[in-house]
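The values are calculated or read from the model by the stated rules, or taken from the named source; none is laboratory data. Quick caveat: nothing in here was measured; it's all calculated off a predicted structure. Heads up, the Cβs are rebuilt from the backbone with ideal geometry, glycines too, and the neighbour counts pull from every protein chain shown. Only protein heavy atoms, including side chains, enter the accessible area calculation; ligands, DNA and RNA are left aside. Shrake-Rupley method; radii C 1.70, N 1.55, O 1.52, S 1.80 Å.
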Amino acid sequence: MAEKQSAPEKPVEDKPVKEKKRRVPILPIIAIVVVLNVLLVGKIYMGRVAKKSPAESSKIKKEEPVGVKVPLEEFLVNLAGSSEHYLKATFAIGLRKGETEESIKEEVAPIRDAILSVLTSKQADELATESGKEKLKKDMVGKINKEIGGEKVLKVYFMSFATQ
């Protein structure tokens, strides 16, 4: 039988074994970066929402509990812009604690004058919205306090309110 001759064996050279490169999975890294960015943006956004403007924060600090509420007689006025639009309304004013109804009764004439001047400066379409009515209340409080000198009136309440 014929024997197979094997090929002479080559001496094995010692080559440095190439280490396999460890590949860092890129997808989890991208996911982590995206999540961190979302959290950071959310935190910044929530921080801005939670912060109030200086006017709002002073408003919160200034809000005092209202003391005595004094009803005023009915008002019937022509609204600005047309003699065809009228406002018929009844208001009560909320006084600062410590102020009494008797002390404010002395100021009824300037209070009514202030309210009349504010009411007659408004147009019917301004008073048709909720924000318009809130602005009217603020304007009335400011004008009343200016007329009577001091911050005696904190709030104005509508008891009746009708435009035509």
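Would a scan of the range 58-76 turn up a residue that is hydroxyl-bearing (Ser, Thr, Tyr), at pLDDT below 85, open to solvent by less than 80 Å² (accessible area, probe 1.4 Å) and farther than 12 Å from Thr163 by Cβ?
There is at least one residue in the range 58-76 that is hydroxyl-bearing (Ser, Thr, Tyr), at pLDDT below 85, open to solvent by less than 80 Å² (accessible area, probe 1.4 Å) and farther than 12 Å from Thr163 by Cβ.
Is there any pair with a first residue in the range 86-101 that is in contact (Cβ under 8 Å) with a residue 12 or more places away in the chain and a second that is open to solvent by less than 70 Å² (accessible area, probe 1.4 Å) and among the charged types (D, E, K, R) whose Cβ atoms are under 8 Å apart and which are 6 or more apart or on different chains, and what are they?
So the pair list comes out as Leu87/Lys122; Leu95/Glu101; Leu95/Lys152; Arg96/Lys152; Glu99/Lys152.
Just for the range 20-36: of the residues that are outside any helix (DSSP H, G or I) and either touching a Cys at 6+ places or on another chain (Cβ under 9 Å) or open to solvent by 90 Å² or more (accessible area, probe 1.4 Å) (or both), which one is modelled with the lowest pLDDT?
Taking the candidates together, the pick is Lys20.
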